[in-house]
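The values are calculated or read from the model by the stated rules, or taken from the named source; none is laboratory data. Predicted, not measured: the structure shown is a model, and the values here were computed from it. Glycine gets a Cβ as well: all are built from the backbone with ideal geometry, and neighbour counts include every protein chain shown. Surface areas here come from the heavy atoms of the whole protein model, side chains and all, with no ligands, DNA or RNA. Shrake-Rupley method; radii C 1.70, N 1.55, O 1.52, S 1.80 Å.
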Amino acid sequence: LRGLDGFSHLWVLWIFSENIRGTWSPTVRPPRLGGNKRLGVFATRSSFRPNPIAMSCVKIEEVKLDGNNGPEIVVSGADLMDGTPIVDIKPYLPYADCKPEALGGFAQNVLYQKLQVQIPQELLQKMPADKREALVEVLAEDPRPHYQDDPNRIYGFSFAGHEIKFKVCEKQLIVVSV
């Protein structure tokens, strides 16, 4: 890690260890397009890929060369779960990794706003403590198909071995069962 403390950001290559499936589809329905339009999986950031490799850009908060458990990198802004297997890391190079002229495809034209998440304490307690923050982050991203906007409809998905049920009213997501 020597020299890494001179960088502000880091690319982390990791494995979708909690999302590995035996099969995959060459097309997916990106939620940001309403969930009705299919695109090729390689034109999206879907986690359902032919291989479980992912990549995230994170901010380096601190590099500890002599930590208690060996060298350690403290980061923020990670979009992966605690305990996720890391394959490799690479420093973010502004001259190579930042392309202001780059086009954002379909994602550039879709407005995005996170939802406020409400989980009653008794339901949150059903989740393992180390998965709670990740659940809130996933829910804030609005995991329902965007072509559906019925405030009375109950949506659901599996997360960390639990079935999460929720509804959305305006910009508020309310978990109704775990």
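The table below gives the values:
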| item | result |
| --- | --- |
| Directionally averaged projected area (convex hull, Cα atoms, the stretch 1-56), nm² | 5.4 |
| Cα-based convex hull volume of the stretch 29-74 per residue, rounded to whole Å³ | 118 |
| 20 Å Cα-Cα reach of residue 90 towards lysines, excluding residues that sit fewer than 8 places from it in its own chain | 59, 64, 99 |
| Calculated [θ] (222 nm, deg cm²/dmol) that DSSP helices of n ≥ 4 give over the chain, each run adding -39,500 (n - 2.57) | -2500 deg cm²/dmol |
| Percent of alpha-carbon pairs separated by more than 12 Å within the stretch 103-156 | 75 |
| 30 Å tail of the calculated P(r), the chain, as % of Cα pairs | 28 |
| Heavy atoms of residue 127 accessible to a 1.4 Å probe, total area in Å² rounded to 10 | 0 |
| Å² per residue, accessible surface of the chain at 1.4 Å | 67 |
| Full-extension gain in nm, residue 99 to residue 76, via 0.36 nm per residue minus C-alpha separation | 6.1 nm |
| Interatomic Cα distance distribution for the stretch 88-130, bins of 10 angstrom, percent | 17, 21, 24, 27, 11 |
| Residue (of 68, 136, 44) at the positive-pole extreme of the stretch 38-178, dipole from beta-carbon charges | 44 |
| Additional length obtainable on full extension of the chain from residue 2 to residue 114, 0.36 nm per residue less Cα span | 36.6 nm |
| Accessible surface ranking that places the most exposed of 155, 147, 92 first, with a 1.4 angstrom probe | 147, 92, 155 |
| Exposure of residue 163 as accessible area (Å², to 10), given a probe of 1.4 Å and all protein chains | 80 |
| Nearby aspartates and glutamates by direct alpha-carbon distance to residue 126 (threshold 13 angstrom, same-chain neighbours under 8 apart not counted) | 163 |
| Residue 9 accessible area, 1.4 Å probe, all protein chains in place, Å² to nearest 10 | 60 |
| Spatially proximal aspartates and glutamates relative to residue 37 (Cα-Cα < 20 Å; intrachain offsets below 8 disregarded) | 141, 142, 149, 150 |
| Rotationally averaged projected area of the stretch 37-117 (alpha carbon convex hull; nm²) | 8.7 |
| FRET E, pair residue 130, residue 13, Förster distance 25 Å, beta-carbon r, rounded to 0.05 | 0.65 |
| Percent carbon-and-sulfur accessible area, the stretch 1-137, ignoring ligands, DNA and RNA, probe 1.4 Å | 53 |
